[in-house]
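One structure is given here, and the rest of the page talks about it.
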Amino acid sequence: MGEWAVRVSIRSRCGHGLRCLPLAVADVLLWKDRNLSAGVLLGATLIWYLFEVVEYNIIPLLCQIAILAMLVIFIWSNAAPLLNMYEFLFQFCIAEHLQESRKSSSPSMPSDK
């Protein structure tokens, strides 16, 4: 090793997001946060087990996740009045200027005469 050899850590090389990885990804890869790294490893192992060992397909998995999400939202929206949880419900608000621009841009319906 000569004068040109400079010792640089992996975290400083790949951890600033400028060269190859964001700082959070470098922390997971270098096990700086053990819980998060273990969760990522466990999740990747579970996905590998489902798709390779059990030979499960992605489409049924996505469909079951969507059905479960719809079931949770349905139960949550029906149980909210009973449990006084109105602030936790999903609220969709459309700004007034968007409503007015939509009304002005939509074609008018022909009147029945």
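Every residue, every condition in (1) assigned to a helix (DSSP H, G or I); (2) at positive phi; (3) hydroxyl-bearing (S, T, Y); (4) in contact with a Phe, Trp or Tyr (Cβ under 9 Å, 6 or more places away or on another chain), yes or no:
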residue	(1), (2), (3), (4)
K32	no, no, no, no
A38	yes, no, no, yes
A44	yes, no, no, no
L62	yes, no, no, no
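Hey, can you tell me all the residues within the range 62-97 that are among the small types (G, A, S) and either at pLDDT 90 or above or exposed (fewer than 10 other Cβ atoms within 10 Å of the Cβ) (or both)? Lay out the reasoning, then the answer.
From the range 62-97, those among the small types (G, A, S) are 66, 69, 77, 79-80, 95; that's our starting set.
Answer for the range 62-97, where residues must be among the small types (G, A, S) and either at pLDDT 90 or above or exposed (fewer than 10 other Cβ atoms within 10 Å of the Cβ) (or both): A66, A69, A95.
The values are calculated or read from the model by the stated rules, or taken from the named source; none is laboratory data. What you see is a predicted model; the values in this text were computed from it and never measured. Note that each Cβ is placed from the backbone with ideal geometry, even for glycine, and that neighbours are counted across all protein chains shown.
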